[in-house]
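Worksheet: the structure to be examined is printed underneath.
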Amino acid sequence: MNASEWIALVSAVVAAVSLVIALDANRRAIQANRISGEGNEIAELSLEAQRRALPPEWTALQSADGSNFTLANQSSKHIEVLSFTADPPEYDGLVSLDRDCPFVVEHGDAFSVNSIRTMAGGAERLLLRWRYQGELEEHETQRLL
């Protein structure tokens, strides 16, 4: 065997070994991608379970007397109350808060709600529009009066 045949043989062996290494690397990359996808699914399920396990941001309305209630922030963050409305809307004028919107309710703090009932009836629910302080996403919460 002359030198050029040896070089060709060694080149063919190196090419074959390189091909085997490349195929193995490709197989491992596909496997890692599949495992990564499964890990992402598990992480998303875990995050959703954590969210469901958290208590609601607001307590139920606690009655102080027949027309005065308190509502407390039981989240772990400060909450900015943006607005409120009564439901049905025709009773908006009969529901008031102890401060003007927007205002911040710190974790564990509460604010007062006054809901007057007349012979014609009164609001059935309080609708709050709010967001976590420093965040842009707005939320809406309903509480029975």
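The values are calculated or read from the model by the stated rules, or taken from the named source; none is laboratory data. Quantities reported herein were computed from a predicted structural model and do not represent experimental measurements. We place every Cβ from the backbone using ideal geometry, glycine too, and count neighbours over all the protein chains shown.
For this structure, a couple of remarks:
- Residue pairs meeting the criteria (Cβ under 7 Å; at least 6 apart or on separate chains; first assigned by TED's automatic domain parsing to the domain that holds Thr118 and under 20 Å from Glu135 (Cα atoms), in the stretch 68-95; second surrounded by fewer than 21 Cβ atoms within 10 Å (Cβ to Cβ) and among the basic types (Lys, Arg)): Glu80/Arg131; Leu82/Arg129; Leu82/Arg131; Ser83/Arg129
- Residues of the stretch 110-145 that turn out to be touching a residue at least 24 places away in the same chain (Cβ under 8 Å) and either touching a His at 6+ places or on another chain (Cβ under 7 Å) or not in a loop (DSSP other than H, G, I, E, B) (or both), as a count: 22
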